[in-house]
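Data first, discussion second: the structure below is written as C-alpha cells.
The values are calculated or read from the model by the stated rules, or taken from the named source; none is laboratory data. Just so it is clear, the structure is predicted and the values come from calculations on it, not from any experiment. Ideal geometry is used to build each Cβ from the backbone, glycine not excepted, and the neighbour counts take in all protein chains shown. Ligands, DNA and RNA are stripped out before the accessible areas are found, and what is left, the full protein with its side chains, is counted by its heavy atoms. Shrake-Rupley method; radii C 1.70, N 1.55, O 1.52, S 1.80 Å.
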Amino acid sequence: MNRDILRLGENPRPHGVEKLETKEKLYRVYVGPGKNYRAIYQIRDEVLLVLVVKVGDRKEVYRRVK
C-alpha cells in the first residue's frame, strides 16, 4: 500500500482517481493489495503538494470525511 501512496507524488491523478463531493476538494484512489483500501487526499497544485488525509479499508474510510 505504501508504494501506491508514494506514487501519488509523481502522478496525483492516476487512472481510477475520483473527485469526492466535498468542500475540501478531496480525491480518492484504490490502494494496497487487492486494491481493498482507499486513500483520500487533497492535491495542492500551487505548492506541488499531495496531502493524504486518510487511508483505510474501503468499507470504513469514508466515515467522518466531509
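Taking all protein chains in place and a 1.4 Å probe, what share, in percent, of the accessible surface of the chain do carbon and sulfur account for?
Details: 2450 of 5000 Å².
Accessible surface attributable to carbon and sulfur in the chain totals 49 percent.
Using only the C-alpha atoms, the convex hull of the chain corresponds to 79 Å³ per residue.
Measuring nothing but how far apart in sequence close Cα pairs (under 8 Å, 6+ apart) lie, relative to its length, the chain scores a relative contact order of 24 percent.
What net charge is computed for the residues neighbouring PRO14, neighbours being all others with C-beta under 14 Å from the C-beta of PRO14, Lys and Arg scored +1, Asp and Glu -1?
Working: positive: ARG3, ARG7, ARG13, LYS19, ARG28, LYS35, ARG38; negative: ASP4, GLU10, GLU18.
Once all neighbours under 14 Å are counted, the net charge is +4.
Place the peptides 19-32, 2-15 in order of packing, highest mean first, counting for every residue the other Cβ atoms within 10 Å and averaging per peptide. It would help to have the intermediate numbers written out before the result.
Details: 19-32: 14.9, 2-15: 12.4.
Going from most to least packed, we get 19-32, 2-15.
Computed with a 1.4 Å probe over protein heavy atoms only, the accessible surface of the chain comes to 76 Å² per residue.
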